[in-house]
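Trainee: Mind having a look at this structure? Questions to follow.
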Amino acid sequence: MVSKNKTGLPAALLLLPLGLLTGVARADYGYNLPEPAATLTQEIFDLHMLTTIVGTIIMVIVTAMIVYALYAFRHDKGAVPDQEFHNSWFGQWAWVLVPVIVLGIDLSIASSASSTLSSVEDRSKADVTVKVIGSQWKWTYEYMDDGIKVVSNLKKLEPTDPLYLRDVDDPLVLPTGQRVRFLLTSSDVLHNWGIAEIVPKKINIPGYINETWTHITKEGTYRGQCYENCGAGHAFMPAVVRAVSPAEYQQWKTERKTQHAQAAAEASSDKVWAKEELMAKGQEVYTKNCLACHQAQGQGIPGVFPALAGGKITNGAGAAADHINIVVKGKTGTAMAAWGPQLNDLDIAAVVTFERNSWGNTAGDVVQPKDIKAAR
Amino acid sequence: MSVATAHDDHHDSHDHGPPKGWQRWVYSTNHKDIGTMYLFFALFMLFFGGAMAMYIRAELFMPGVQLANPDFYNNMVTDHALVMVFGMVMPAAAGMANWMIPLMIGAPDMALPRLNNLSFWLLPAAAIMLILSILAPYLFPGTGGPVNTGWTLLPPLSIQNGIGMDFTIFAIHMLGISSILASINIVTTILNMRAPTMTMMKMPLFVWAWFFTALLLIAVMPVLAGAVTMLLFDRHFGTSFFDAAGGGDPILFQHLFWFFGHPEVYVLLLPSIGVLGLVIPTFARKPLFGYKALVYGMGVLAVLGMVVWAHHQYTIGMSLWATNYFMIGTILISIPVGLMLMNFIFTMWRGSMTFETPMLFGIAIILMFSFAGVTGVMLAVVPADMQYHDTMFVVAHFHYALIPGAVFGLYAGVFYWLPKWTGHMYDERLGKIFFWWTTISFNITFFPQHFSGLAGMPRRIVDYSIQYTEFNVISSIGGFLFGLSHLLFLYIIIQTIRGGQKAPDKPWEGSQIGTPGLEWTLPSPPPFHSFTQAPVVK
């Protein structure tokens, strides 16, 4: 889809009438809905093409009528207005005929749409259930049956890269050939997890759960984005799904579980960490979670996101407790999220330590995981 | 103004003429003067909102964030919509209503002239509030960022915003009060001030269109006012209407907003449909085809428009029954709209057409608005909309609906009535250049957005991935041309006000065919007091 885009446009314009008339999906050119890769999206795609074709035919008829009228009924060609046209047989009945024709078209579209809608709302038992949590500005995926959690952050690329704003550090991995249920929610504002190839959209609402599903038919990587305005980072939260065979999916799951168990054991041990270890880990956590708002040098965005460099609570010698509190619990009424439920004690300890000792901040103190445990 | 002086000499038998100087305008109770002020206000806001659109297109010209931070971009998106909807289209249509409704129904003035003055002067105050909401983050540093929510002001994002959001809420309150007062005035005028012989079914279509528009506004504006007041309470007084943590529901705001927001679409469209109902018969030299069908069609449209609001929210997770209802209701809107477009086409059919600027706009509207209707049916289909939702396809659709459907209708009205308003003919050659320039550049701007939207580009993003570059480059170039064309529009208006060929009472050969308006029985420009005795309609 991306590699061809330099030549795509002229071709797209030339092929458009053909594409519309034949119903051929030319997703390569990126001017139509992308080629579906799931049973449900295929059904929706067919419905889209049906309405497009019906609409095109209607436009052709309307345009032809207007063009003919402009040609045939011109004053300068000596056309004489028919002052009684509205009183003719046609004039008396057109207001019935036209709505009846339109109603017929409407109902045939609506019946087809209604059956597809029932498929969208089909709540059959799923093989895999994934909870998709939107937050400013990343996606968190929880596999409900396996206790695996995947956090997808934007991968920073140059604006010339074919995957600019389309790639994440850790995509959601799903099996093909199985029914996957998505439970959609959000931790802060409205988001909308959208990947047109595999899933119809439902929005992510804080405090509520929405449901949608997919049955992916083709292996591959599918890319979408957030589709509900969620603030400054709205353009910067791609959603990426890697669809793999069920065997590969099982293998991936096992690896993840092992990694996860190791990290959890490390974080909950009573070990006292050295400052250097915390600083290194803290930088990693900061880059992944905090940098989008508070910026690379901790300078924030004036008036929108406060600066951490030289900030009162990031710097004050006795303010560590306040600092920990705001990271763990967030700040209501602002975009600052509560990180307590999202990060483990070690990660929070590391990032707080990092923030208190970087960009000229001179608090100098070292925060340990046990301090975070106490603050929760 | 020259209009006033010319008329003073002519009506010197009256013991009171128009007040002189600034008092004439500030204290005005004259429907024509207030109408003129509405129109100038709308013209100013057109350029203000247009400048924001130019910024948006400049930012989207290339991938990457070039011009400002994402919050400022979202602020421009938000205020572009608010300014264009509440500051431009509605006041322009209200200006035409003020000017033309009393003239068309043979009334001496609006029914409630002092209310009329108030409803206008609330607008500049609201505009100042809106400008303050943009400036707030810079005037009061540390009080939060710009209003970055989009014009729908959806919570919880709108709860996060700073003091700018409060200014926006107050601006909406004032704009709403202004609209409600103006609407009450219009309904009262139409029902009570008609010349005794003018029955409802003899009224020109424009009057009918505004009658339905005003009823819609009175019905739905208070809902918006309630919704933003609840938002204000959530922000400052500890309520949780829209906060799930406190037992509220963020989706409740969407229902309230769109209960107002969808009928609002018809508020924007109907006055222009009314203008079309005059322009097309005039230049086709033949009565309007299906006058009754159009009147009833507009009534059906107004009623249907009020019960399909949730089609803006197909993705919120409604029950299957509710979704089916909103889908079928929405698709059925194509019946009255199809009927209207058919009536206009058959008005041209077997007519004798000339192509002055208002007529050119009229024909372009029929074509492009049909196209918007077709993409509207596509969007009405729920499962497909779950793919289109919040993509540029939606942006393309509603700009095709609102620019031809509302704005071009107003342009048609401006050119149609400029001779009547000013007493001078505008420059026809420049008018035609303006038409072609603006129509072609409009299509260059918005047609490609259908493709980038289908390919997946979301709305309200400050930056996009490179696969959407080409369509955005075309769109931006079209956008700049479209913006530039309005300087010509401004020039034509100023030139016509300053002078030019004298306009006869009936500037158009086909005036009054199928449009029984009384405005053509008055001189151009009409005297300060329009009808001192009730005229008789045949």
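The values are calculated or read from the model by the stated rules, or taken from the named source; none is laboratory data. Since the structure is predicted, the reported quantities are computational estimates derived from the model, not experimental observations. Heads up, the Cβs are rebuilt from the backbone with ideal geometry, glycines too, and the neighbour counts pull from every protein chain shown. Ligands, DNA and RNA are excluded from the accessible area calculation, which covers all protein heavy atoms including side chains. Shrake-Rupley method; radii C 1.70, N 1.55, O 1.52, S 1.80 Å.
Trainee: Within 10 Å, count the other beta carbons around each residue, average over each peptide in B:437-444, A:271-278, and list them highest first. Write down the numbers at each step before the final one.
Mentor: On the way: B:437-444: 19.6, A:271-278: 14.0.
So the order, starting with the most tightly packed, is B:437-444, A:271-278.
Trainee: So what's the net charge close to B:T422: Lys and Arg +1, Asp and Glu -1, counting the other residues with Cβ under 13 Å from its Cβ?
Mentor: Details: positive: B:K32, B:K420, B:R498, B:K502; negative: B:D427.
Around B:T422, the charge tally is +3.
Trainee: Enter the angle in degrees (range 0 to 90, nearest 10) between the Cα long axis of helix B:291-306 and the first principal axis of the Cα atoms of chain B, meaning the one along which they spread out most.
Mentor: 30 degrees
Trainee: Pick out, from B:H486, B:Y464, A:T39, the residue whose Cα sits farthest towards the positive end of the charge dipole of the protein assembly as shown, with +1 on the Cβ of Lys and Arg and -1 on the Cβ of Asp and Glu.
Mentor: Among B:H486, B:Y464, A:T39, the one farthest towards the positive end of the dipole of the protein assembly as shown is B:H486.
Trainee: Okay, moving on. With angles folded into 0 to 90 degrees, how steeply does helix B:334-348 sit against the dominant principal axis of chain B? Use alpha carbons for both and round to 10.
Mentor: Helix B:334-348 sits roughly 30 degrees off the main axis of chain B.
Trainee: Among A:L278, A:A264, A:V244, whose Cα lies farthest out toward the positive end of the dipole of segment A:221-329, if unit charges sit on the beta carbon of Lys, Arg (+1) and Asp, Glu (-1)?
Mentor: Farthest along the dipole direction, towards plus: A:V244.
Trainee: When we measure straight from the Cα of A:K149, which lysines land under 17 angstrom away, once same-chain ones fewer than 8 places off are left out?
Mentor: Qualifying lysines at Cα under 17 Å: A:K131, A:K138, A:K253, A:K257, A:K288.
Trainee: Suppose we take every Cα in segment B:158-308 and form the convex hull; what volume per residue is that in Å³? All intermediate terms of the calculation are to be shown ahead of the outcome.
Mentor: Numbers: hull volume 18.3 nm³, N = 151.
Per residue, the Cα convex hull of segment B:158-308 comes to 121 Å³.
Trainee: Roughly how many nanometres apart are two label points built 7 Å out from the Cα toward the Cβ at A:D365 and A:E211?
Mentor: Distance between label points: 4.7 nm.
Trainee: Moving to a separate point now. So what is the accessible area of segment B:108-160 per residue, in Å², with the probe set to 1.4 Å?
Mentor: Values: 1990 Å² over 53 residues.
With all protein chains present, segment B:108-160 gives 37 Å² per residue.
Trainee: Of B:G373, B:H424, B:V394, which is farthest on the positive side of the dipole of segment B:350-436, counting Cα position, with +1 on Lys and Arg Cβ, -1 on Asp and Glu Cβ, and the Cα centre as origin?
Mentor: Value computed over the given set: B:H424.
Trainee: Calculate the spin-label point distance for B:T29 paired with B:Y138, positioning each point 7 Å from the Cα along the beta-carbon direction, and give it in nanometres.
Mentor: 4.2 nm
Trainee: Can you report the principal axis dimensions of segment B:239-389 using only the alpha carbons, biggest first, rounded to whole angstrom?
Mentor: 65, 31, 26 Å, listed from the longest principal axis down.
Trainee: Order A:L50, B:L278 by their accessible area, 1.4 angstrom probe, all chains in place, largest first.
Mentor: Working: A:L50 70, B:L278 5 Å².
From most exposed to least exposed: A:L50, B:L278.
Trainee: Still on this structure: Given R₀ = 22 Å, FRET efficiency for B:L488-A:A72 by Cβ-Cβ distance, to 0.05? Before the final figure, lay out the partial values.
Mentor: Working: r = 32 Å, r/R0 = 1.44.
The calculated FRET efficiency here is 0.10.
Trainee: Still on this structure, I have one more. Compute the distribution of all C-alpha to C-alpha distances in segment B:315-431, in bins of 10 Å from 0, and list the percent of pairs in each, rounded to whole numbers.
Mentor: 12, 34, 28, 16, 8, 2
Trainee: Treat every Asp and Glu Cβ in chain B as -1 and every Lys and Arg Cβ as +1, leave all other atoms uncharged, and give the resulting dipole magnitude about the Cα centre to the nearest 20 debye.
Mentor: Roughly 1200 debye, rounded to the nearest 20.
Trainee: If you take the accessible area of B alone, add that of A alone, and subtract the area of the pair, what total do you get in Å², probe 1.4 Å, to the nearest 100? Before the final figure, lay out each step's value.
Mentor: Details: alone 20710 and 20630 Å², together 33320 Å².
Summed over both sides, the interface buries about 8000 Å².
Trainee: In degrees between 0 and 90, to the nearest 10, how far off the longest principal axis of chain B does helix B:113-139 point, with axes built from Cα atoms?
Mentor: Roughly 30 degrees, rounded to the nearest 10.
Trainee: Over segment B:399-510, how many percent of alpha carbon pairs lie in each 10 Å bin up to the one with the longest distance?
Mentor: Reading the bins upward from 0: 13, 36, 25, 15, 9, 2.
Trainee: Let me ask you something else. In Å³ and rounded to a whole number, note down the convex hull volume per residue for the Cα atoms of segment B:101-233. Don't skip to the answer; put the middle values down first.
Mentor: Working: hull volume 14.4 nm³, N = 133.
Considering the Cα atoms of segment B:101-233, their hull volume per residue is 108 Å³.
Trainee: Shifting gears a bit: Normalise the Cα radius of gyration of chain B by 2.2 N^0.38 Å (N = residues in it) and let me know the number.
Mentor: Values: Rg = 22.9 Å, N = 538, 2.2 N^0.38 = 24.0 Å.
Scaled against compact globular proteins, the figure is 0.96.
Trainee: Another one. Any idea what diffusion coefficient segment A:45-124 gets from Stokes-Einstein, in µm²/s, Kirkwood Rh on alpha carbon pairs, 37 °C, 0.692 mPa s? Each step should come with its number before you reach the end.
Mentor: On the way: Rh = 16.1 Å.
Estimated via Stokes-Einstein, D reaches 204 µm²/s.
Trainee: A follow-up question, please. How big is the gap, in Å, between the Cα center of segment B:111-156 and the Cα center of segment A:335-374?
Mentor: Centre-to-centre distance over Cα atoms comes out at 40 Å.
Trainee: Can you spot the lysines whose alpha carbon is less than 21 Å from B:K432's alpha carbon? Ignore those fewer than 8 places along the same chain.
Mentor: In chain and number order, the partners are A:K77, B:K420, B:K502, B:K506.
Trainee: Quote the Stokes-Einstein diffusion coefficient, in whole µm² s⁻¹, for segment A:124-229, based on the Kirkwood radius over alpha carbon pairs, a temperature of 20 °C and a viscosity of 1.002 mPa s. Provide the component values of the computation, followed by the final result.
Mentor: Numbers: Rh = 14.2 Å.
In µm²/s, the coefficient rounds to 151.
Trainee: How much accessible area per residue does chain A have, counting only protein heavy atoms and a probe of 1.4 Å, in square angstrom?
Mentor: Heavy-atom accessible area per residue stands at 44 Å².
Trainee: Determine, for each peptide in B:400-412, A:68-80, the mean count of other beta carbons within 10 angstrom over its residues, then list the peptides with the highest first.
Mentor: On the way: B:400-412: 25.3, A:68-80: 13.9.
Ranking, from highest mean packing down: B:400-412, A:68-80.
Trainee: Oh, and also: Give me the one-decimal Kirkwood hydrodynamic radius in Å for the protein assembly as shown, with the sum taken over alpha-carbon pairs.
Mentor: Details: mean 1/r = 0.0339 Å⁻¹.
Kirkwood radius, the protein assembly as shown: 29.5 Å.
Trainee: With a 1.4 Å probe and every protein chain kept in, tell me what percent of the accessible surface of chain B is carbon plus sulfur. List each step's numbers first, then the result.
Mentor: Numbers: 11950 of 16680 Å².
Its accessible area is 72 percent carbon and sulfur atoms.
Trainee: Note down the magnitude of the dipole of the protein assembly as shown about its Cα centre, charges +1 on Lys and Arg C-beta and -1 on Asp and Glu C-beta and zero elsewhere, to the nearest 20 debye. Can you show the working numbers first?
Mentor: Numbers: 55 positive and 61 negative charges, 190 e Å.
Around 920 debye, computed over the protein assembly as shown.
Trainee: Can you list, bin by bin at 20 Å, the percent of alpha carbon pairs in chain A, starting at 0?
Mentor: Using 20 Å bins, I get a P(r) of 22, 44, 23, 9, 2 for chain A.
Trainee: Taking just the alpha carbons, could you work out the radius of gyration and Dmax for segment B:264-323, both in angstroms?
Mentor: My reading of the Cα-based Rg and Dmax gives 16.3, 51 Å.
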